[in-house]
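One structure is given below, encoded as structure tokens.
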Amino acid sequence: MPSNCEFVHELLDHAAATWPDGVAIENRNASVTYPELRGIANFYARWLGEQGVRPGDRVVVEAASTVETVGIIFGSLAFGAAFCPIHPTTPAKQRRFISEHSEAALSIHREDGELVAQNASGTVRVPGVDESLAGAANETRLAELCPDVIPEDIACLIYTSGSTGLPKGVTCLHRQVVFAVKAIANSLDYREDDKIFLGLPLSFDYGLYQIFLGIQTGATLHLADPRSAGLSLLKELATTQATILPAVPPMLETLAVLARKQAGSLQSLRLITNTGAAAARATVQDLRSSFPNLRFQLMYGLTECKRATICPPDADLERPGTCGLPLRGTKIAIVDDEGRPLPAGEVGEIVIRGPHVMAGYWKDDEETANRYVLRHSTMRELRSGDYGWVDADGFLYCQGRRDDIFKQRGFRVSCSEIEAAACGLKGVNHAVLVPPAEKKPSVLFVGFDGDEFDVISRLRDELEEYKLPGKCISLPEFPTTPNGKFDRKALKALAHQ
Amino acid sequence: MAIDHETAREALRQAVSKVLEEDTPPLEDGMNMFEDLRMDSTTMLETLMELEETLQFDVDPEELDIEDFLTVGAYVKFLVEVKQQQA
């Protein structure tokens, strides 16, 4: 089923033609086929035009796990507008920052439980999936809606925590996303008869790409409330008869604990793909004992190139600790601090080259130049900021970061972003964040220049929930290094006492 | 042995407090476990495991429905019922 699609929305045209009865998306209440989803996308494309959106614009979308979100995403793409997915817990202030920074023509979000769209002239209600389904008989190919779009146009901006302060908008062109989807689908063992259980939010790129991977491979995507991917994960997997679970490490840990209590009837699940952070080997081992038929594909990647390496199913058994091989048609290299290539077995920074390396950070040329480095006049490479090594056969082993970005609950967060948000609160004069460690939550140390208050609850107006520190400790005085900087090592020891 | 709502609510408060390693104020039925008590999927699981020990019951993972754990009120009702069933 190779397709010569050049546009992200064209993948859906292709799926609708190839699997006319295939279920594209289901949730607890409903399911839609590929042709129906294309019809829904047609409906939202027209609706976006009626709201004053023009091809080339950006549309901010609160990406709740719903059919509406998927319809709006494809509607934007087909209309020639780039979408910008944000997490449903994004506070209004952060959402306004992203809307303004991306110069969005429209922001779609939930207000008092209702999905609304806001543009320069006001706020309107967004039609729900029932209304959009009324147009689902529409068989217009999405690729025909906007003949002016070219593969070089922007498909989406994905805001992610950068190594300095505010979130950065990773700019992803149609040709880059399409390449990434095809290359990932080529490495992942997803099949036409699979059902993918999506408990990851659609605002995270790996969650988002499950839509595209399902469409590329003909699989069905089960959209679950991300909250149900915890305590009720085993039940949900059993009830939905899902075959594939894209996971982040906390989800695997939860599943391992639940499975130890009872692994019984979970017969359908055959593949777990892990991203977000290296999965604890013991957890993966536990799950393998509980579910003998279950296979694993461990991976490594970052939003800036979507994905760098994928491990063939269970190849980590032969090579413990690996996160796989580069995507087809791409390369990774390990370099030293001066950017010189290092031989196999030596640890250095992981550098990524290929058509999946995205276009850069929206309106941030400086950070783009720092991370998307021109090696010579025709070769651009992505400096990942992660460190690791490759073995003689080219398998990557990742050791983690050396800057202030860390993974919390599987999602990317930066210390400086949280510290900046805390210091932005009136009454806080110092803030240092200690990232989470084995079984210990992240700890925010704060100094007050007035009365103390509950910093975490105030941070909820500034940051998405998944970024909030686990704990906050007030310090009258901060330990400092001889250079006068905050002594992060001492604070780390204090946090983990 | 069956328990009443007050006992269940206090046991839940203590479990949350232990898992989050901080003082948890008295709970009210309307509180949302995720938003108000800042639980996530990992701490939710740890809390349930803790309650299994302190209240002496055993859940079947295939029977766990997220709706039973979204609010303090629903959680307390779940605890009272599970203790009744396993009494």
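The values are calculated or read from the model by the stated rules, or taken from the named source; none is laboratory data. Note that this is a predicted model, so its numbers are computed, not measured. With ideal geometry, Cβ positions are generated from the backbone for all residues, glycine too; neighbour counts draw on all protein chains shown. Remember, those area values only see protein heavy atoms, side chains included, never the ligands or the DNA or RNA. Shrake-Rupley method; radii C 1.70, N 1.55, O 1.52, S 1.80 Å.
Backbone geometry of region A:282-293 corresponds, through the Karplus equation with coefficients 6.51, -1.76 and 1.60 at θ = phi - 60°, to 3J(HN,Hα) couplings of 5, 5, 4, 4, 4, 5, 5, 5, 6, 10, x, 8 Hz, x marking Gly and Pro.
I need the fraction of alpha carbon pairs in region A:1-55 separated by more than 19 Å, rounded to a whole percent. Of all Cα-Cα distances in region A:1-55, 39 percent exceed 19 Å. If you run the Gaussian network model on chain B, springs between alpha carbon atoms under 10 Å, then out of B:THR42, B:THR71, B:THR54 the most flexible one is B:THR42.
For chain B, the Stokes-Einstein estimate of translational diffusion at 25 °C and a viscosity of 0.890 mPa s comes to 192 µm²/s, using the Kirkwood hydrodynamic radius over alpha-carbon pairs. Couplings 3J(HN,Hα) for region A:185-197, derived from phi with the Karplus relation 6.51 cos²θ - 1.76 cosθ + 1.60 (θ = phi - 60°), are 4, 5, 8, 8, 8, 9, 10, 4, 8, 7, 10, 8, 8 Hz, where x marks Gly and Pro.
Its Cα gyration tensor gives chain A an equivalent ellipsoid, and the semi-axes of that ellipsoid, as √(5λ) in whole Å with the largest first, are 34, 28, 24. Per residue, the convex hull spanned by the Cα atoms of region A:4-104 measures out at 101 cubic angstrom.
For chain B, the relative contact order is 45 percent, taking Cα pairs closer than 8 Å that sit 6 or more residues apart in sequence and dividing their mean separation by the residue count. Would region A:408-495 count as rounded, prolate or oblate if I go by the C-alpha gyration tensor, calling it rounded below 1.5 in a/c and otherwise prolate when a/b exceeds b/c, oblate otherwise? Because a/c hits 1.5 or more and a/b fails to exceed b/c, region A:408-495 counts as oblate. The fraction of accessible area contributed by carbon and sulfur in region A:1-127 is 47 percent, rounded to a whole number (1.4 Å probe; ligands and nucleic acids excluded). Taking region A:353-390 and a reference point 7 angstrom along Cα→Cβ of A:ASN186, the backbone N atoms nearer than 12 Å belong to A:355-356.
Helical content alone sets the calculated 222 nm signal of the protein assembly as shown at -10000 deg cm²/dmol, taking -39,500 (n - 2.57) per DSSP H segment of four or more residues and averaging over every residue. Remark: chain A carries 40 Å² of accessible area per residue (probe radius 1.4 Å; ligands, DNA and RNA excluded). For a quick check, take a GNM of chain B with Cα springs below 10 Å and name the residue from B:ASP65, B:ASP29, B:ASP40 with the largest mean-square fluctuation. Taking springs between Cα atoms under 10 Å, the residue moving most is B:ASP65. Amide H contacts under 5 Å for A:ALA81: A:GLY56, restricted to partners 5 or more places along the chain or on a different chain, H placed in the peptide plane at 1.01 Å from N.
Relative to the current alpha-carbon distance between A:ALA30 and A:HIS376, full extension at 0.36 nm per residue lengthens the span by 119.4 nm. Measuring with a 1.4 angstrom probe and ignoring ligands and nucleic acids, A:HIS376 comes out at about 90 Å² accessible.
Close amide H pairs (under 5 Å, H built 1.01 Å from N) link A:PHE448 with A:ASN429, A:LEU475, residues at least 5 positions away or on another chain. Rounded to the nearest 10 degrees, the inclination of helix B:72-85 to the longest alpha-carbon principal axis of chain B is 20 degrees. Across region A:412-429, rounded Karplus estimates of 3J(HN,Hα) from the backbone phi angles (6.51 cos²θ - 1.76 cosθ + 1.60, θ = phi - 60°) give 6, 9, 10, 4, 5, 5, 6, 4, 5, 5, 5, 5, x, 7, 5, x, 9, 10 Hz, Gly and Pro being marked x. Name the GluC sites (Glu not before Pro) in region A:302-362 that are in a loop by DSSP and that have at most 13 other C-beta atoms within 10 Å, would you? Answer in residue order: A:GLU318, A:GLU338, A:GLU346. Restricting to Cα pairs below 8 Å that are 6+ residues apart, what does the relative contact order work out to for chain A? Please round to a whole percent. Dividing the mean separation by the residue count of chain A yields 12 percent.
Proximity of backbone amide H atoms, modeled 1.01 Å from N, is registered between A:THR33 and A:ALA24 at under 5 Å, excluding neighbours fewer than 5 places apart on the same chain.
In chain A, the DSSP beta bridges split such that about 65 percent are antiparallel, to the nearest 5.
Given an 8 Å cut-off on Cα distances and at least 6 residues of separation, report the relative contact order of region A:172-262 as a percent. The normalised contact order for region A:172-262 reaches 31 percent. Put a plus charge on the Cβ of each Lys and Arg, a minus charge on the Cβ of each Asp and Glu, and nothing anywhere else: the dipole of the protein assembly as shown about its Cα centre is then about 1500 debye.
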